[in-house]
Structures are given as structure tokens and as C-alpha cells.
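In what follows, a single structure is set out as C-alpha cells and then discussed.
Read-outs: derived from the displayed coordinates by stated rules, not from any lab. Values in this document were obtained by computation on a predicted structure and should not be read as measured data. No Cβ is skipped: glycine too gets one built from the backbone with ideal geometry, and neighbour counts run over all protein chains shown.
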Amino acid sequence: MSFKLFVSLFLLAFLYNCKIDDGLDCTVIDCATEQLFSIEFLDEEGTNLITNETYKLDTIEITTDGTSLELIPLDSTKLVTFIIVGAIGETSYSIKLNPNETDTLVLTTVEPTTNINQCCTALPIIEKVSYNQKQKNIIQMDNGFEKISVIK
């Protein structure tokens, strides 16, 4: 059998077995299921308190409802980052910065108004943030996640 005939038969068999489908195959789409949130600790002059080791990431503990959360090493030289947990609404987090200093973060989330596509639902929207009972501005980071800055 000639090479051209073999290639032609192979391509014909390949194309014959392909099916055109306008719908998405949700089994091959990896939907985001976790939402990260970061806290940047600064002094009055704007110096990062993680970078200058006023606070050390290996001793910071975050808990909610008695469950310890793992810190995520996302730009870990400057930020304290963790995965948001809890239902839609208000979730309180205890942030132990050192043995003598524990702060409170409260995140208020709402249901997203739209889905990302027909396979994935959007992550909850962070509507409001308070840190030690003070409202904080939510800052959108370049990576798509959100953070707050806390002056200590």
C-alpha cells in the first residue's frame, strides 16, 4: 500500500469518527472551587510588617469556628493568604499574630449574580470586610484575588 493511500485512509477514519458538538463537555473543565484572600500588614510609614519580621508567617494562626486554616504561600514574603471558608453571609476569622495579639477579621460574602459558564458557578463575592471592627477597602490584586491592608 502506498504511503499516500495509507495517510488518506487514516485521515478519513479519523475525521469520520470525530463528532462536532456545540455544547461544552463539563467533564474536561476544571472549575475554580476555592477563593483566596490576603491581608497585608503595614506600619504607619508603609513598611511591611511581614517583610521586616515584626510578624512571622510561621507563627501566625487563622481559625474560624474552631478550625485552623492553612496559610497559602502566595507572595508569602509580604502577605498572609488563606482560603475563604464558610457559607454565604458573614464569617468571622480569628487571626493570632503572636501569643499576645489576636485580631478579628469579618468577611461578608454574597451569591454571585452570574455563572462563569454553563459548567461552573462563580465564587462568592466579597461584599464587605472589617478588621477589628473597622471597615476596610477591598483591593483587587493583579492575580484576580482580593486583599486588605491593615495599619498596625
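Let me make sure I get this right: for the stretch 69-152, a, b and c are the square roots of the gyration tensor eigenvalues over alpha carbons, sorted descending. Under 1.5 in a/c it's rounded, otherwise prolate if a/b > b/c, else oblate. Which is it? Here the stretch 69-152 falls in the prolate category.
Here the relative contact order of the stretch 27-151, from alpha carbon pairs under 8 Å that lie six or more residues apart, stands at 27 percent. The packing ranking of peptides 42-52, 77-87, highest mean first, is 77-87, 42-52, where packing means the average number of other beta carbon atoms within 10 angstrom of each residue.
Provide, for the stretch 27-151, the number of lysine pairs with alpha carbons under 12 Å apart, each pair being eight or more places apart or on different chains. Close lysine pairs found across the stretch 27-151: 6. Taken along the Cα-to-beta-carbon direction at a fixed 7 Å, the label points for D65 and E34 span 1.8 nm. When DSSP beta bridges are restricted to pairs lying wholly in the stretch 27-151, around 85% turn out antiparallel.
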